[in-house]
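**Student:** Below are the structure tokens for one structure; questions will follow.
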Amino acid sequence: MDKRERVERFEKMGLGLFVHFGLFSLLGKGEWYLSRPDADREAYAALPSRFRVRRDWAKNLVRTAQEAGAKYITLTTRHHDGFSLFDTLGLNDFDAPHSACGRDLVAEFVQACREGGILPFFYHTLLDWREPSYRTDFPAYLDYLNRSVEILCTRYGKIGGLWFDGMWDKPGENWQEDRLYGTIRKYQPDAVIINNTGLDARGKAGHPELDGVTFERGTPALGQKTADLAGEMCQVLNDHWGYAAADCNYKSVGELIRNLIDCRGAGCNFLLNTGPRGNGLVNPTDRCLLREFGKWVRRNAEAVYGVRPCPAKAENAVLLEGEKALYAVVREVPVSGDPNVVLGEKESRVILDPALRIRRARWLDSGEKIEVTDNSFAVRPFDYGTSLCARVARLEV
Ligand code: GLC
């Protein structure tokens with residue numbers, strides 16, 4: 001596969017599940033716990049003895065991804081705390097096989113993905129709070145990093161890609177990116193390589209070997225990335241990536257659906273996160289949100305996967321182009337009903353580019369025919385009692 005093919009295959013998938021899982025999941029205070037000034041570092045170093053991960057954790061994850069409509073999962077194989085979910089083959093003992101669970105969790109993850117028809121991606125940290133060489137001997141650290149990545153590329157069969165994060169921590173260093181990406185290309189020529197640019201540099205392109213740009217918690221707009229690169233927005237369900245027990249600041253399913261629509265409208269993928277608990281299981285609130293989100297995705301699947309932004313435009317809708325049809329996605333459809341119970345939302349209209357010739361149109365969620373007159377059509381509010389929040393009109397041209 002060349003770059004174009006890799007990018008196209010990735011873009012077609014459209015939607016992924018991000019999974020932040022590691023020792024930090026046991027504490028329920030997010031994945032940055034160890035960097036806090038009040039962090040108990042000794043207690044953290046002893047956490048592996050408490051890391052008992054359920055045998056069915058990976059199946060549970062894959063099931064969650066399927067329910068959400070995700071085609072791939074990006075799992076934190078090693079996060080900033082330096083703990084590896086995979087067998088580091090003796091690079092150090094700070095890995096899952098040396099923890100209470102005593103298993104290679106990346107192997108279990110990949111197997112469950114294969115069984116469930118989900119493409120596995122590996123998140124790997126670049127910055128490392130634990131490995132001493134990261135601070136004292138950078139070339140030695142790069143050896144360690146490259147060897148770790150080599151393990152990930154050679155022991156788990158074909159993977160979807162690698163997702164790096166943390167270069168922003170040492171912007172002035174020579175990270176020897178040629179070497180890092182070269183290792184991946186050698187063993188996994190079809191793998192997509194992404195390197196998260198972080199909150200400050202969303203959408204910024206980097207090394208030529210990279211296949212995409214990232215929009216961490218920021219909605220991409222059309223034209224923010226070049227056509228030869230994939231784009232991906234990652235998003236949290238609440239305010240944390242790793243499990244945070246006290247965080248109840250959840251987004252609404254509607255907001256997440258609008259994130260997805262905006263990503264697709266900008267030619268980007270949407271990578272929606274969950275932080276499982278210490279036993280590896282997705283917490284019930286996350287599961288419920290992802291399931292509800294997935295219901296919308298399934299109803300409108302045609303307009304989620306395999307679509308790209310349409311060069312023609314529409315007023316009041318995001319216009320996407322698929323293999324067989326165009327899709328006018330109405331981001332927000334209000335609810336109407338008795339004036340004593342709703343705010344009295346009115347019908348709105350989608351106005352399509354006059355150059356388009358529409359032969360037939362129908363709503364994807366109900367199959368109901370849409371009357372198109374003068375290249376425009378009405379969007380009636382949902383009746384009180386039946387909101388689907390956003391709708392997709394399928395347009396045959
Ligand atoms: C940030 C954080 C990290 C998280 C990532 C996800 O870079 O350092 O904790 O994994 O964002 O995009």
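**Student:** In whole Å, how far is the Cα centre of segment 1-37 from that of segment 277-319?
**Tutor:** Segment 1-37 and segment 277-319 have Cα centres spaced 17 Å from each other.
**Student:** If you filter segment 261-350 for trypsin sites (Lys or Arg not before Pro), then keep DSSP loop positions with at most 15 other Cβ within 10 Å, what is left?
**Tutor:** Sites meeting the loop and neighbour criteria: Lys313, Lys324, Lys346.
**Student:** Taking only DSSP H segments of four or more residues, each worth -39500 (n - 2.57), what value at 222 nm results for the chain once the sum is divided by all its residues, to the nearest 500 deg cm²/dmol?
**Tutor:** Computed ellipticity for the chain at 222 nm equals -7500 deg cm²/dmol.
**Student:** Of Trp168, Phe122, Thr285, which is farthest along the charge dipole of segment 3-303 in the positive direction, counting Lys and Arg as +1 and Asp and Glu as -1 at C-beta?
**Tutor:** My answer, from the dipole projection, is Thr285.
**Student:** Roughly how big is segment 3-303's charge dipole about its Cα centre, with Cβ charges of +1 (Lys, Arg) and -1 (Asp, Glu), in debye to the nearest 20?
**Tutor:** Dipole magnitude for segment 3-303 comes out near 980 debye.
**Student:** Let me ask you something else. If you average the C-alpha positions of segment 335-383 and of segment 189-233 separately, how far apart do those two centres end up, in angstrom?
**Tutor:** Taking the Cα centre of segment 189-233 as reference, the centre of segment 335-383 is 34 Å away.
**Student:** At 20 °C and a viscosity of 1.002 mPa s, what translational diffusion coefficient does Stokes-Einstein give for the chain, taking Rh as the Kirkwood radius over Cα pairs? Give it in µm²/s as a whole number.
**Tutor:** Translational D for this selection: 97 µm²/s.
**Student:** Follow-up. Treating the angle as unsigned and between 0 and 90°, give the value, to the nearest 10°, between the Cα long axis of helix 3-13 and the longest Cα principal axis of the chain.
**Tutor:** Once rounded, one gets 60 degrees.
**Student:** Kindly rank 96-107, 375-386, 78-89 from highest to lowest mean number of other beta carbons found within 10 Å of each residue.
**Tutor:** For the peptides 96-107, 375-386, 78-89, the packing ranking is 78-89, 96-107, 375-386.
**Student:** Follow-up question, since we're still on this one. I'd like the FRET efficiency for Asp40 and Trp168, computed as 1/(1 + (r/R0)^6) with the beta carbon distance as r and R0 of 25 Å, rounded to 0.05.
**Tutor:** E between Asp40 and Trp168, to the nearest 0.05, is 0.40.
**Student:** How much area per residue is accessible in segment 3-303 when the probe is 1.4 Å and only protein heavy atoms are counted (Å²)?
**Tutor:** On a per-residue basis, 38 Å².
**Student:** Give me the percent of accessible area attributable to carbon and sulfur for the chain, probe 1.4 angstrom.
**Tutor:** Looking at the chain in its full context, I get 49 percent from C and S.
**Student:** Cα to Cα, under 13 Å, and not fewer than 8 places away if on the same chain: which aspartates and glutamates meet these conditions relative to Lys29?
**Tutor:** The reachable aspartates and glutamates, counting only those whose Cα sits under 13 Å from Lys29, are Asp38, Asp40, Asp239, Asp247.
**Student:** Per the chain: cysteines with no other Cys C-beta under 4.7 angstrom?
**Tutor:** Flagged as lacking a Cys partner: Cys101, Cys113, Cys153, Cys234, Cys248, Cys288, Cys310, Cys389.
**Student:** To continue, here is another question. Please give the helix 284-299 orientation as an angle from the longest Cα principal axis of the chain, in degrees from 0 to 90, rounded to the nearest 10.
**Tutor:** Roughly 40 degrees between the two axes.
The values are calculated or read from the model by the stated rules, or taken from the named source; none is laboratory data. Since the structure is predicted, the reported quantities are computational estimates derived from the model, not experimental observations. Please note: Cβ atoms are built from the backbone with ideal geometry, for glycine as well, and neighbour counts cover all protein chains shown. The area values use the complete protein model at the heavy-atom level, side chains included, leaving out ligands, DNA and RNA. Shrake-Rupley method; radii C 1.70, N 1.55, O 1.52, S 1.80 Å.
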